[in-house]
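Chemist: Got a structure for you, written out below as structure tokens; questions coming shortly.
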Amino acid sequence: MSNSKISAARRFYPRGSSSEDTPILYDVYLAFQNGDSALLRELLGIYTPHSIDAAICQLPGRTDYRILAQLDAHELASFLNDLPTPRQLAYIEALEDDIVSSALSEMAPDEANDLLQAVDQDRARQLRARLRKDVLREIELVAGYRENQLGALVNPAFLVVGPEATIGDVVQLMRVTSEVRFDTDTVFVCDPTGLPLGAVELAEVVRHMDSQQQISSFMDTALPSVCATDPVGEGLKAQQASRLSLLPVRNSDGQLLGVVSHRDLLDADSRLQAGILTRFGGSLLDSNLDYFASPLHTLFFTRVFWLLILTVFGVVTSTFVASQEDLIAEVIILAAFIAPIIDMGGNSGSQSATLVLRSMALGQITVSWKQLAKIVAREIPVAIFIAITVAVAEIVMALMSKSGPIFALGTETGVAILVVVGLSMFCCTVAGAVIGSLLPFLARRIGADPATLSAPLITSIMDIVGVLIYFGFAAVFLAGLL
């Protein structure tokens with residue numbers, strides 16, 4: 001986009017550069033270097049906040065962000081509103097609380113809530129104390145929901161009219177409405193009690209601007225029916241089936257609580273999936289954590305917790321295996337099968353847990369005892385067939401690669417070893433699959449985050465269960481050797 005509105009005399013170009021290279025970088029440098037708020041306002045009228053932010057990140061040395069204090073609340077909110085949270089924090093760190101709170105009052109409530117959640121508690125308290133009561137009420141409405149619920153994404157600032165409103169009324173309402181704070185792509189029609197009757201897209205309003213018809217005469221009455229407590233995945237499915245640009249979200253009484261945009265739904269789903277993956281990786285990571293921007297001590301503490309727990313599991317497992325040294329000394333070949341057997345239990349558990357968590361995130365599984373029965377009924381037959389397959393494969397590969405050592409103690413003992421290996425592989429695979437599928441469900445049932453049940457934790461549990469199963473069968477079938 002051209003920046004021709006800015007006079008050439010006011011631009012700054014380093015030696016050897018030309019205006020065709022990166023004009024936005026030079027203009028942003030000039031504005032921030034000289035504290036030129038007039039130039040910054042012109043830039044905000046030409047470039048997107050993301051473009052200006054990208055240019056600021058390329059400026060040499062530490063940039064003084066206090067120039068932003070010269071913008072009015074609406075201009076500052078427009079700049080901050082759609083930036084990622086780490087960048088918002090970088091800008092507001094240099095600004096006074098009064099200035100930041102004024103900007104928060106102009107931002108969409110869901111965006112303001114995200115920013116308040118990210119700052120330290122003391123400053124968040126100070127900022128909330130300076131907010132207008134009506135603004136604070138809307139922000140606290142969003143903050144009252146869990147991250148994976150639609151209510152956490154809702155913008156309570158949206159366009160709503162009564163069924164008797166005309167096109168002229170709607171056009172006038174849109175002219176006086178802040179596009180920073182309000183989502184204006186869709187106009188909703190509600191009755192006096194707040195129950196939604198229909199919706200009209202902005203494009204449809206523009207098409208009928210010369211008409212004096214009531215908006216209810218051409219509104220779309222086929223509205224999605226989702227509640228603020230529904231999971232984000234349910235909202236995604238409803239949005240895909242809807243013709244509306246904004247997803248209407250209701251409260252428990254069926255009244256229209258707010259709206260959620262396509263982008264917010266997709267961003268939230270990506271964050272939740274990223275959170276699941278990072279926590280499955282053995283950490284307590286916040287899905288908003290920035291790998292490069294976050295301090296090293298933050299990365300340390302978010303990862304060390306699970307690793308310490310897994311160390312304890314490892315010590316317990318190794319202690320039990322060491323207690324079986326007499327059996328292993330008599331049948332040394334048993335040691336060769338410990339790793340593949342317990343690994344299979346962990347692998348099948350991780351696989352099942354991932355499938356259940358994905359279904360939870362997409363809203364396909366709800367927390368109820370009926371769902372628990374369905375999960376078990378669905379998982380057990382699949383796990384049994386998988387277990388039979390891998391057990392047979394393990395026996396075949398054992399015969400192909402280790403038949404000499406297996407039968408060195410005699411045919412009867414060799415067959416017993418193969419039975420121990422096959423049964424252990426079968427039982428570990430089934431146990432891993434069932435435990436892996438139930439743990440996320442049980443965590444949700446008691447109010448914990450199912451994503452914190454990481455694959456390494458499931459694997460460590462199956463290490464202990466696996467060695468108990470393996471040496472239990474060995475003690476039974478090879479008792480004559482002890």
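The values are calculated or read from the model by the stated rules, or taken from the named source; none is laboratory data. Bear in mind that the values here come from a model prediction, so they are computed numbers and not experimental data. Cβ: placed from backbone, ideal geometry, glycine included. Neighbour counts: every protein chain shown. Quick note on the areas: whole protein, heavy atoms, side chains included, nothing else; ligands and nucleic acids left out. Shrake-Rupley method; radii C 1.70, N 1.55, O 1.52, S 1.80 Å.
Chemist: With every protein chain left in place, what is the accessible area of residue 147 in Å² (1.4 Å probe, nearest 10)?
Modeler: 80
Chemist: Within the set of other residues whose C-beta is less than 12 Å from the C-beta of residue 134, count the net charge using Lys and Arg as +1 and Asp and Glu as -1.
Modeler: +2
Chemist: Between residue 408 and residue 147, how high is the FRET efficiency from 1/(1 + (r/R0)^6) when r is the Cβ-Cβ distance and R₀ = 56 Å? Nearest 0.05.
Modeler: Rounded to the nearest 0.05, the efficiency is 0.45.
Chemist: Quick query: amide H of residue 230 versus all other amide H atoms, modeled in the peptide plane; which residues come in under 5 Å with a sequence gap of 5 or more or a different chain?
Modeler: Result for residue 230 returns 150, 151.
Chemist: Net charge around residue 200, counting only other residues with Cβ within less than 13 Å of its Cβ (Lys, Arg = +1; Asp, Glu = -1)?
Modeler: With Lys, Arg at +1 and Asp, Glu at -1, the neighbours total -3.
Chemist: Can you give the FRET efficiency to the nearest 0.05 for residue 221 and residue 328, using r as the Cβ-Cβ distance and R₀ = 56 Å? Each step should come with its number before you reach the end.
Modeler: On the way: r = 73 Å, r/R0 = 1.30.
The value I calculate is 0.15.
Chemist: While we're looking at this one, here's another question. What is the extension gain from residue 203 to residue 41, computed as 0.36 nm multiplied by their sequence separation minus the C-alpha to C-alpha distance, in nm to one decimal?
Modeler: Residue separation times 0.36 nm, minus the Cα-Cα distance, leaves 55.4 nm.
Chemist: To the nearest 10 square angstrom, what accessible area does residue 400 show with a 1.4 Å probe?
Modeler: 150
Chemist: Once you keep just the Cα pairs under 8 angstrom separated by 6 or more residues, what percentage relative contact order results for region 117-185?
Modeler: Rounded, it is 23 percent for region 117-185.
Chemist: In what order, largest first, do 402, 133 sit by accessible area if the probe radius is 1.4 Å?
Modeler: Ranked list, largest accessible area first: 133, 402.
Chemist: If you add up the charges near residue 320, with Lys and Arg at +1 and Asp and Glu at -1, over every other residue whose beta carbon is less than 14 angstrom from its beta carbon, what do you get?
Modeler: It works out to a net charge of -3.
Chemist: Suppose R0 equals 60 Å. What FRET efficiency, 1/(1 + (r/R0)^6) with r the Cβ-Cβ distance, do residue 315 and residue 240 give to the nearest 0.05?
Modeler: 0.80
Chemist: Continuing with this model, one more query. Could you compute how much accessible surface residue 358 exposes when probed at 1.4 Å, giving the result in Å² to the nearest 10?
Modeler: 130
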